[in-house]
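Peer 1: Dumping the structure here so I can ask a few things about it.
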Amino acid sequence: MTGRYARNPRPPSRTARVTETSDYVAMLQRLLWGYARRIGDDAAALVHLRELEQTLRDATNYGMYLANQRGSNGQPGYSQNEQAAMLGVSRQAVAKRIKLGEEIHVSQQILTGRGAVVRIGDVRTQRAAGLAAAGVEDRTGSVRELAAGNGAALQEGKAS
């Protein structure tokens, strides 16, 4: 075929985009500041704070576990002493976090076998449960978040 729709004999070369760790950390910081603005618009977002803190802790421990696996990504790993120096903690503290990271690794393997690790519906349900436990009405939630709250209230009513 000739003309406009002719097959290009030599497609343009595509180079894989490299995302540096610094880029990724900057994105994560922007997301966290976005969460701050979200709290300003919807203070009920505070019910997710403890879960986010736990996720950050677990993810860091998991990352430390992976970093301790020398050569798992084709690059040299970092020793526990080096990780401890980066964090300003003892080597024993790093060893403990690596052990916790190994446990998280096992649980992540199980979760990924079941599909998505984080489900939006579950987060909505957690929001409703957190507000209910605090005795606070959801006044700023979306239609779906409010519906999740009504579903949680119905489930609570059946349990009573």
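The values are calculated or read from the model by the stated rules, or taken from the named source; none is laboratory data. Because the structure is predicted, anything quoted here is derived from the model rather than measured. For neighbour counting, all protein chains shown are included, and Cβ atoms are generated from backbone atoms with ideal geometry for every residue, glycine included.
Peer 1: Could you list all residues from region 80-116 that are exposed (fewer than 12 other Cβ atoms within 10 Å of the Cβ), part of a loop (DSSP other than H, G, I, E, B) and at pLDDT 85 or above?
Peer 2: Answer for region 80-116, where residues must be exposed (fewer than 12 other Cβ atoms within 10 Å of the Cβ), part of a loop (DSSP other than H, G, I, E, B) and at pLDDT 85 or above: just G88.
Peer 1: Only one of (1) part of a loop (DSSP other than H, G, I, E, B); (2) modelled with pLDDT of 85 or more is not met by G77, so which one is it?
Peer 2: Condition not satisfied by G77: (2).
Here is a yes/no grid of residues against (1) surrounded by fewer than 14 Cβ atoms within 10 Å (Cβ to Cβ); (2) under 30 Å from D138 (Cα atoms):
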position: R17; (1), (2): yes, no
position: H48; (1), (2): no, yes
position: T60; (1), (2): no, no
position: R70; (1), (2): yes, no
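Peer 1: Return yes or no: is Q155 part of a helix (DSSP H, G or I) and at pLDDT 95 or above? Break it down into steps so the answer makes sense when it comes.
Peer 2: Values: part of a helix (DSSP H, G or I): yes; at pLDDT 95 or above: no.
No: the conditions fail for Q155.
Peer 1: Looking only at region 35-42, decide whether some residue is in a helix (DSSP H, G or I), modelled with pLDDT of 95 or more and among the aliphatic types (A, V, I, L, M).
Peer 2: Yes - at least one qualifying residue is present in region 35-42.
Peer 1: Here are some conditions: (1) touching a residue at least 12 places away in the same chain (Cβ under 8 Å); (2) of a type in the set (A, V, I, L, M, F, W, C); (3) surrounded by 14 or more Cβ atoms within 10 Å (Cβ to Cβ). A134 meets all but one. Which one does it not meet?
Peer 2: Answer for A134: the failing condition is (3).
Peer 1: Another question, then. Of the residues in region 36-52, how many are over 19 Å from G121 (Cα atoms) and free of Cβ contacts under 8 Å to residues at least 40 places away in the same chain?
Peer 2: Of the residues in region 36-52, 4 are over 19 Å from G121 (Cα atoms) and free of Cβ contacts under 8 Å to residues at least 40 places away in the same chain.
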